[in-house]
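A.B. asks: Sharing a structure with you now.
Since every read-out is calculated from the coordinates, none of them should be taken as a lab result. Just so you know, these numbers come straight off a predicted model, no measurement behind them. Methodologically, a virtual Cβ is constructed for each residue, glycine included, from the backbone with ideal geometry; neighbour enumeration extends over all protein chains shown.
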Amino acid sequence: MRQSISPQVQRVCAWLGPAMIVGFLIGAIPIGGFIPPTDPSASAEKIADFYRDDTTAIRIGCLIMIISLTLIVPWGAVLAARTYRQETGFPIFTFAQVACLGVATFVVIAIPMFWAIAAFRPDDVDPGTTRTLHDIAWYLFLYTWPPFSAWCICIAVPIFRAAPGFEPFPRWTAYLNLWVALLLFPAGLMSFFKTGPFSYEGLFAMYMPLAVFFIWMVAMTVATIQGANRDEAGAATPETTAKAEPEGVLAGA
């Protein structure tokens with residue numbers, strides 16, 4: 001039988017999601033100054049000046065961001081753990097979530113890493129190189145939306161497939177995940193525009209996907225905590241859990 005997860009552990013992992021958001025925003029906005037973004041059509045010299053003007057603050061901001069963004073690992077793991085308990089047979093969607101989480105972790109860690117590299121020696125490197133590193137970070141930030149959309153879909157499907165009363169998360173979160181998967185798509189249009197709402201400083205390519213992603217994290221955090229509270233209150237008894245498990249699992253197959 002698949003083991004239940006400690007409600008306390010679930011709550012701790014869930015709260016690390018909002019902690020990640022707060023840490024990232026602190027590092028990216030007041031300290032690093034990356035949001036709002038620089039103009040994608042700006043000259044190489046202007047982008048280099050951005051890194052030269054306050055190099056220490058940018059480095060500190062990147063350090064805070066890379067530490068904070070690492071918290072996505074336990075946060076994503078607890079989501080996968082909850083769906084794993086309820087998936088019958090081979091838990092393919094849970095494994096797909098773990099794979100998406102691995103890709104997402106690499107992506108979010110690489111974002112501040114490239115910004116930090118650009119700030120490492122801004123006076124000694126050609127401005128064109130600095131701008132390229134800057135652009136790579138923004139592409140990692142936004143253009144890598146497909147694995148995140150796939151992650152959302154892999155959360156939604158087990159919720160829809162679960163027996164009534166045994167969903168790993170409320171059914172409304174399945175619809176939320178599908179909407180998030182769709183609303184991240186405009187970030188993929190940033191490669192066609194250097195100005196306007198679809199550039200990486202624009203409303204549809206940058207601010208909407210970013211807001212949607214944070215809303216998703218908060219909503220899934222709330223759903224996870226509520227689920228942990230129900231587990232602790234004994235909503236899922238050994239008898240009902242046994243009914244939800246496939247016969248092969250119960251038999252030790």
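A.B. asks: Using DSSP to define loop residues, name the chymotrypsin sites (Phe, Trp or Tyr not before Pro) in the range 99-195 whose beta-carbon has at most 16 other beta-carbon atoms within 10 Å.
C.D. replies: The qualifying sites are F120, F166.
A.B. asks: A follow-up question, please. Along the Cα→Cβ direction, 7 angstrom out, place labels at D135 and T195. What is the inter-label distance in nm?
C.D. replies: 1.7 nm
A.B. asks: Could I ask something else about it? Relative to the longest principal axis of the C-alpha atoms of the chain, give the angle of the C-alpha long axis of helix 127-142, reported between 0 and 90° and rounded to the nearest 10°.
C.D. replies: Taking the Cα atoms of the chain, the angle to 127-142 is about 20 degrees.
A.B. asks: If we count other beta carbons within 10 Å of each Cβ, what is the order of F214, F198, fewest first?
C.D. replies: F214, F198
A.B. asks: Using Cα-Cα distances under 8 Å and only pairs 6 or more residues apart, what relative contact order does the range 7-231 have, in percent?
C.D. replies: Here the relative contact order equals 25 percent.
A.B. asks: Given Cβ point charges of +1 (Lys, Arg) and -1 (Asp, Glu) and nothing else, what value in debye, to the nearest 20, does the dipole of the range 67-151 about its Cα centre take?
C.D. replies: Rounded to the nearest 20 debye, it is 380 debye.
A.B. asks: Considering amide H positions built from the backbone, and no H for Pro or chain starts, which residues 5 or more places from A162, or on another chain, come under 5 Å of its amide H?
C.D. replies: Result for A162 returns nothing.
A.B. asks: Now for a different question. Short version: ³J(HN,Hα) in whole Hz for each residue of the range 190-203, in order, from phi by Karplus 6.51 cos²θ - 1.76 cosθ + 1.60 (θ = phi - 60°), x for Gly and Pro, what are they?
C.D. replies: With coefficients 6.51, -1.76 and 1.60, one gets 5, 6, 9, 9, 9, 9, x, x, 9, 7, 6, 10, x, 4 Hz.
A.B. asks: For Cα extents along the principal axes in Å, which listed value, (i) 45, 43, 33; (ii) 67, 32, 28; (iii) 56, 38, 34, comes from the coordinates shown?
C.D. replies: (ii)
A.B. asks: Sticking with this structure for a sec: Most fluctuating residue of A57, A28, A205 in a GNM of the chain with Cα springs under 10 Å: which is it?
C.D. replies: Checking each option, the largest mean-square fluctuation is seen for A57.
A.B. asks: Right, next: For Q8 and F160, compute 0.36 nm times the residue count separating them, minus their Cα-Cα distance, and round to one decimal in nm.
C.D. replies: Gain on stretching Q8 to F160: 52.1 nm.
A.B. asks: Can you work out the Karplus-derived ³J(HN,Hα) for every residue in the range 15-25? Use 6.51 cos²θ - 1.76 cosθ + 1.60 with θ = phi - 60°, whole Hz, and x for glycine or proline.
C.D. replies: 5, 5, x, x, 4, 4, 4, 4, x, 4, 5
A.B. asks: Output the 0 to 90 degree angle, nearest 10, between the alpha-carbon long axis of helix 44-53 and the longest principal axis computed from the alpha carbons of the chain.
C.D. replies: Roughly 80 degrees between the two axes.
A.B. asks: In whole Hz and in residue order, list the ³J(HN,Hα) couplings for the range 169-179 that follow from phi through the Karplus curve 6.51 cos²θ - 1.76 cosθ + 1.60, θ = phi - 60°; x for Gly and Pro.
C.D. replies: Those phi angles translate into 9, x, 4, 5, 5, 5, 5, 4, 4, 5, 5 Hz.
A.B. asks: Another one. Place a point 7 Å from Cα of M208 in the direction of its Cβ. Which residues in the range 165-192 have their backbone N less than 20 Å from it?
C.D. replies: Residues 175-192 fall inside that zone.
A.B. asks: Further question on the same structure: Give, rounded to the nearest 20 debye, the magnitude of the charge dipole that the range 1-62 has about its Cα centre when Lys and Arg contribute +1 at Cβ and Asp and Glu contribute -1 at Cβ.
C.D. replies: Using only the charged Cβ atoms, the result is roughly 500 debye.
A.B. asks: On to the next question. Rank P164, P37, P122 by mean-square fluctuation in a GNM of the chain with C-alpha springs under 10 angstrom and give only the top-ranked residue.
C.D. replies: P164
A.B. asks: Follow-up. Let's see if you can work this out: charge +1 on each Lys and Arg Cβ, -1 on each Asp and Glu Cβ, no other charges. What is the dipole magnitude of the range 7-231 about its Cα centre, in debye to the nearest 20?
C.D. replies: That gives a dipole near 800 debye.
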